[in-house]
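The structure appears below as structure tokens.
The values are calculated or read from the model by the stated rules, or taken from the named source; none is laboratory data. Since this is a predicted model, take the numbers as computed values, not measurements. Don't worry about glycine lacking a Cβ; one is built from the backbone with ideal geometry, like all the others, and counts go over all protein chains shown. Note: areas computed on protein heavy atoms with side chains; ligands, DNA, RNA excluded. Shrake-Rupley method; radii C 1.70, N 1.55, O 1.52, S 1.80 Å.
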Amino acid sequence: QVRLVESGGGLVQTGGSLRLSCVASGRTFSRYAMGWFRQAPGKEREFVAAISWTGGTIHYADSVKGRFTIYRDNAQNTASLQMNDLKPEDTAVYYCAGQVMDEIGIRADEYTHWGQGNQVTVSS
């Protein structure tokens, strides 16, 4: 079992940057693929980025490619999402998710463990 606790997020102007972090408890974090998802009001939860447990496989949604960077530090049990050049359409509650798997998942139903969610608001 792993418990995920998120931090970061907040309010930023268009073009600004934020970093989200997700700290995991439990000894098996290094075997968990990690993903970031977001959900805007009235919309379904959507995939943002994912990273394999080795860090060797990474995938981004087209909408964030080139602006967001996902990375992890297995020694610190942490997965992070660096978000640059933020746009108003990035406004959402962001969730980290973890699951033991060999590669990565891009669907929410592939993940069992979820963080509490963190609000990111980008003003125009």
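Can you pull the accessible area of Ile106 for me, 1.4 Å probe, Å² to the nearest 10?
90 Å²
Note down the magnitude of the dipole of the range 17-86 about its Cα centre, charges +1 on Lys and Arg C-beta and -1 on Asp and Glu C-beta and zero elsewhere, to the nearest 20 debye.
140 debye
Calculate, in nm to one decimal, what Ser63 and Leu11 gain on full extension: separation in residues at 0.36 nm each, minus their alpha carbon distance.
Separation in residues times 0.36 nm, less the Cα-Cα distance, equals 16.8 nm.
Using DSSP loop states and a limit of at most 12 other Cβ atoms within 10 Å to flag trypsin sites (Lys or Arg not before Pro), what is the longest stretch of the chain containing no flagged site?
66-106
How much of Thr28 can a 1.4 Å solvent probe reach, expressed as accessible area in Å² and rounded to 10?
70 Å²
Can you tell me the dipole magnitude for the chain around its Cα centre, using point charges on the Cβ only (Lys, Arg +1; Asp, Glu -1), in Debye to the nearest 20?
240 debye
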